[in-house]
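For reference, the structure discussed in these notes is given below.
The values are calculated or read from the model by the stated rules, or taken from the named source; none is laboratory data. Here the structure is a predicted model, which means the values were calculated and not measured. Here the Cβ is made from the backbone with ideal geometry for all residues, glycine too, and neighbour counts use every protein chain on show.
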Amino acid sequence: MNETPGIAHREIDSNVGLLMGSLGDVDLNILVISPDGDGKSMLDCGTADMAQQIHDVAGVPKRVYVSHSHYDHDGGAGGFFSSLGGSEIFASQATIALLQTPETALESFFPWRHRVFLEKQQAERFAEEILRQSSTGAYFKPVKRDDGGEPIEVIDAPGHVAGMQVFRYRDILFTSDAIQGSGIKGSAYTDSIPQISSFQEYFQTLRKVMSLKNEVMVPPGHNYSPASSRVIEGSAIDRFLAASYDTARRILDYAYDALSEDWQSIGTLAAYLLRKFSIGKLYPQCLITAEAAVSHYCGIVLRRSEGGISLYRIP
């Protein structure tokens with residue numbers, strides 16, 4: 001196993017290496033596929049701060065496939081495109097659009113309108129980190145649908161965020177953040193519920209992945225999978241997918257209950273959902289999930305404004 005501070009590498013199959021990093025107490029996975037033995041393709045590339053460490057362990061990939069527009073998965077792309085070796089960077093058209101400007105990159109991860117529900121310092125600190133670490137879509141190319149002799153299958157998988165894609169190589173499926181189990185299980189600071197921007201699309205992605213019947217799955221390592229496993233196999237995949245479906249369904253059921261009881265802002269609804277999952281700290285990404293739950297019930301939910309804040313209720 002090759003290691004550098006913060007990054008470890010191990011082979012999980014012939015010519016397939018797993019780079020194991022972390023953000024605080026939250027794991028992060030990157031896959032390196034080397035059919036020619038030369039680090040041909042990298043799936044996700046960590047944060048900008050990790051790029052040099054990843055390079056020291058895995059070298060320069062010819063191609064980097066970015067799953068979606070969040071800095072902990074795309075942030076290293078700038079380094080690999082320029083100073084670390086001139087890699088080609090690929091992503092979906094929607095991901096490229098979301099990374100066109102710092103403002104669109106921020107909107108993808110933390111819609112700035114949600115800042116009113118957080119402490120000012122918390123919101124500003126999180127926004128600053130996103131703006132500092134995010135890549136720019138200027139050097140991205142639309143994703144290739146195969147990689148030549150050893151195909152990497154690209155599968156559209158929205159729900160977590162627009163433009164999300166997962167990748168399959170042989171019988172190994174790299175899901176990044178597309179599927180999130182029961183949420184992150186880290187510490188009192190990082191415990192979370194799944195971040196979902198569209199429940200309809202999230203369920204569609206789950207059904208699509210369930211139909212693939214892969215033998216090995218590499219989640220993003222954000223402590224989503226059972227016992228924070230970085231690689232899951234066999235029946236554990238079915239349990240992980242079932243837990244993902246059950247948790248998303250529970251979020252919608254809890255949201256329905258809260259919206260039926262009283263008027264809710266996105267902030268109060270997010271706090272309600274977190275309490276139901278025994279999570280005490282309101283954090284930026286859960287506000288996206290709360291807003292998506294309201295949107296899911298758009299056909300029956302009422303809206304009014306109070307003090308400039310939108311409130312919602314199911315009559």
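Overview of values
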read-out: Scope the stretch 28-50; condition surrounded by fewer than 21 Cβ atoms within 10 Å (Cβ to Cβ) and outside any loop (DSSP other than H, G, I, E, B); matching residues; value: ALA48, ASP49
read-out: Criterion (surrounded by fewer than 14 Cβ atoms within 10 Å (Cβ to Cβ), part of a helix (DSSP H, G or I) and within 19 Å of the chain's Cα centre (by Cα)) met by exactly one of ASP238, ASP253, ASP246; value: ASP246
read-out: Residue satisfying all of: in the stretch 51-76; of a type in the set (Gly, Ala, Ser) and surrounded by 24 or more Cβ atoms within 10 Å (Cβ to Cβ); farthest from the chain's Cα centre (by Cα) among these; value: GLY76
read-out: Flag for PHE203 being more than 16 Å from ARG249 (Cβ to Cβ) and either at pLDDT 95 or above or part of a loop (DSSP other than H, G, I, E, B) (or both); value: no
read-out: Pair list, Cβ < 6 Å and 6+ apart or interchain, from the stretch 75-98 residues that are closer than 16 Å to VAL154 by Cβ to residues that are outside any loop (DSSP other than H, G, I, E, B) and modelled with pLDDT under 90; value: ILE89/PHE81; ILE89/TYR139; ILE96/GLY137
read-out: Among the residues listed as ILE155, ILE96, ILE130, the single one being outside any helix (DSSP H, G or I), modelled with pLDDT of 95 or more and of a type in the set (Val, Ile, Thr); value: ILE155
read-out: Selection within the stretch 219-235 - surrounded by 17 or more Cβ atoms within 10 Å (Cβ to Cβ) and either in contact with a Lys or Arg (Cβ under 7 Å, 6 or more places away or on another chain) or assigned to a helix (DSSP H, G or I) (or both); value: GLY221, ASN223
read-out: Single unsatisfied condition, VAL166 versus (1) assigned to a strand (DSSP E or B); (2) within 22 Å of PRO219 (Cα to Cα); (3) without any contact (Cβ under 8 Å) to a residue 60 or more places away in the chain; value: (3)
read-out: Tally of residues being in a loop (DSSP other than H, G, I, E, B) and touching a residue at least 40 places away in the same chain (Cβ under 8 Å) across the stretch 51-74; value: 5
read-out: Test result for SER295, touching a residue at least 40 places away in the same chain (Cβ under 8 Å) and surrounded by fewer than 24 Cβ atoms within 10 Å (Cβ to Cβ); value: yes
read-out: Filtered residues of the stretch 96-128 (kept if buried (at least 17 other Cβ atoms within 10 Å of the Cβ) and either touching a His at 6+ places or on another chain (Cβ under 9 Å) or over 17 Å from MET164 (Cβ atoms) (or both)); value: LEU98, ALA105, LEU106, SER108, PHE109, HIS114, ARG115, PHE117, LEU118, ALA123, PHE126, ALA127
read-out: Any hit, the stretch 77-89, residues being over 19 Å from the mean Cα position of the chain (by Cα), of a type outside the set (A, V, I, L, M, F, W, C), within 22 Å of SER197 (Cα to Cα) and in a helix (DSSP H, G or I); value: no
read-out: Within the stretch 66-105, tally of residues that are of a type in the set (D, E, K, R) and in contact with a Lys or Arg (Cβ under 8 Å, 6 or more places away or on another chain); value: 1
read-out: When residues of the stretch 256-269 are limited to those that are in contact (Cβ under 8 Å) with a residue 40 or more places away in the chain and part of a helix (DSSP H, G or I), the one surrounded by the fewest Cβ atoms within 10 Å (Cβ to Cβ); value: SER260
read-out: Residue selected from the stretch 176-204 under the condition free of Cβ contacts under 8 Å to residues at least 60 places away in the same chain and out of contact with any Asp or Glu (no Cβ under 8 Å at 6 or more places or on another chain), by the criterion surrounded by the most Cβ atoms within 10 Å (Cβ to Cβ); value: TYR202
read-out: The stretch 270-290, residues that are closer than 16 Å to ILE196 by Cα and touching a residue at least 40 places away in the same chain (Cβ under 8 Å); value: ALA270, LEU273, LEU274, PHE277, LEU282, TYR283, PRO284, GLN285, CYS286, LEU287, ILE288, THR289
